[in-house]
Amino acid sequence: MKSNVYIHKSNITNFLLKITLGFLVFFALFGIYKSGYRVYHNGYGNIFTLVKPLLYVICAVLISFVYAKITKKKFISYNLLSNVLISLIIIPEFNFFLAIFLMIVINIISHFVKLNPASLYMVISILISMILKNYSFLNVFEQEIHHEYVLSDYLLGFGYGGISNTFLILIIISFITFLCIREYKKEIPLLAFTVYYVLLLIKLIFIPSVSSSYFINNNLLFAFVFIAPLSIYTPYSKGGCYIYGVLLGILTFALSFIDLDLGVYLSILLLSLISGKIDKYIV
C-alpha cells in the first residue's frame, strides 16, 4: 500500500539533493554565458559583469560552508540548495553587494523561522527594486536591444528571467527527471501548473490580449519545478501537497494581476509559512 506521507530518509534525501544540485550546475554554466559572457561580448559592462554570475554561485557556496561550520550541520543540505537557488534567480542588474548581504540575512532568518529562503529573498529584492525604480528581469544588454521574444528564444534560454534560471529546455528535462523520483513532491508543481494555466485560459475569454509572458515565464516555471516543492518547506502529507499545489496555482494567478514575478515568489513564501497548518488539517 502506498504511503500517504513523505518519509525523508537521509540517503534518499541526499540523492534528491545531489540530483537537484547537479541540474543547477548546468543552469549556472548557462547563466555565466547568457548573463556574463554574452553581455560583455556585446560591449556592455566590464570584467566584473563577465564573472558576476559565477561570483554569485561561489558566494552562495561559501556562505553555505560557513553556515554549516557555525551550526555544525552538514554542508550538503537544503541550506546549500537554497543558497545556490538564490544565486541563480537573482535579478540580473541587482546590486551585487546588496545581493550578497541579503543572502546572508536570509540565512540568519531561515535558521530561526521555517520558511522558503529563496522565495523570501526574491520577494525582498523585488520590493527593493520597485522602490528604487530599477525593477527589471532583463540584463543591461537585453534592455538595450528591445527584442521581441519568440518560443525558440525561451526554449534556448534567451527569454527574460533571473540571472541564471532561463534555460527552458533544461527546466523541462529536470522536471521529467524529478517526476521519476518518488521523494520529489510532484503533486505540488503538477497541480500548480494545472490550476494556474486553467485560470489563465479562463482569463483569455474575458481579456483576449493577454501577454505571452504569462504563459512562458521563466521565473514561474523554474520556481514551480525547483523552489516550490522543496521538501522541508512543504507539507509532508500527500493530501497537504495536493492542497499546497492547488493554492499555489490560485495564489500565483491572483497575484499576477499585480506582478507575476513577485506573485509566484510571494505565493511560495506564504504557503511555506502555513505548510505545517495544512498538514495538521489533513492529518
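The values are calculated or read from the model by the stated rules, or taken from the named source; none is laboratory data. Small disclaimer: the values here were computed from a predicted structure and weren't measured. Please note: Cβ atoms are built from the backbone with ideal geometry, for glycine as well, and neighbour counts cover all protein chains shown. Protein only, heavy atoms only, side chains kept; ligands, DNA and RNA dropped before computing areas. Shrake-Rupley method; radii C 1.70, N 1.55, O 1.52, S 1.80 Å.
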Choose one answer from Ile47, Ile268, Ile181: the residue with the largest mean-square fluctuation in a GNM of the chain with alpha-carbon springs under 10 Å.
-> Ile47
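Accessible area, 1.4 Å probe, largest first: how do Tyr196, Tyr37, Tyr78 sort?
Numbers: Tyr196 0, Tyr37 105, Tyr78 30 Å².
Sorted by accessible area, descending: Tyr37, Tyr78, Tyr196.
Given the -39500 (n - 2.57) contribution per DSSP H run of 4+ residues, what per-residue ellipticity at 222 nm results for the chain, rounded to the nearest 500 deg cm²/dmol?
Values: 13 runs with 185 residues, N = 283.
Result for the chain, helices only: -21000 deg cm²/dmol.
Work out the length of the dipole vector of the chain about its Cα centre, built from +1 on the beta-carbon of each Lys and Arg and -1 on the beta-carbon of each Asp and Glu, and round it to the nearest 20 debye.
Details: 19 positive and 10 negative charges, 247 e Å.
That gives the chain a dipole magnitude of about 1180 debye.
So if I place +1 on the C-beta of Lys and Arg and -1 on the C-beta of Asp and Glu, and nothing else carries charge, what would the dipole magnitude of the range 34-124 be about its Cα centre? I want it in debye, nearest 20.
Details: 8 positive and 1 negative charges, 68 e Å.
Around 320 debye, computed over the range 34-124.
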Among (1) 16.1; (2) 15.3; (3) 14.2, the value of mean projected area of the Cα convex hull in nm² computed for this structure carries the label (2)
Sorting Lys280, Lys185 on solvent-accessible surface, 1.4 Å probe, most exposed first, gives Lys280, Lys185
Test item: Cα-centred dipole of the range 134-282, Lys/Arg +1 and Asp/Glu -1 on Cβ, debye = 720
Calculate, for the range 114-238, the solvent-accessible area per residue in square angstrom, rolling a 1.4 angstrom probe over the heavy atoms of the protein chains.
-> 42
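So, with a 1.4 angstrom probe, what is the percent of accessible area on the chain that is carbon and sulfur? Each step should come with its number before you reach the end.
Numbers: 9520 of 13310 Å².
Ligands and nucleic acids excluded, carbon and sulfur give 72 percent.
A 20 angstrom limit on the alpha carbon distance is what I want to check against. Which of Lys52/Lys114; Lys72/Lys114; Lys73/Lys277; Lys114/Lys185 exceed it?
On the way: Lys52/Lys114 30 Å; Lys72/Lys114 18 Å; Lys73/Lys277 27 Å; Lys114/Lys185 18 Å.
Exceeds cut-off: Lys52/Lys114; Lys73/Lys277.
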Express the relative contact order of the chain as a whole percentage, based on alpha carbon pairs under 8 Å and six or more residues apart in sequence.
-> 21
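Could you tell me which helices of the chain pass both thresholds, a Cα extent of 20 Å or more along their own axis and a mean Kyte-Doolittle hydropathy of at least -0.5, with helices taken as whole DSSP H runs? Intermediate values should be presented prior to the final figure.
Working: long enough: 10-31 (31 Å, 1.55); 47-71 (35 Å, 1.90); 96-112 (25 Å, 2.45); 117-132 (22 Å, 2.12); 187-206 (29 Å, 1.99); 238-255 (25 Å, 1.48); 260-282 (30 Å, 1.23).
Correct list, ordered by number: 10-31, 47-71, 96-112, 117-132, 187-206, 238-255, 260-282.
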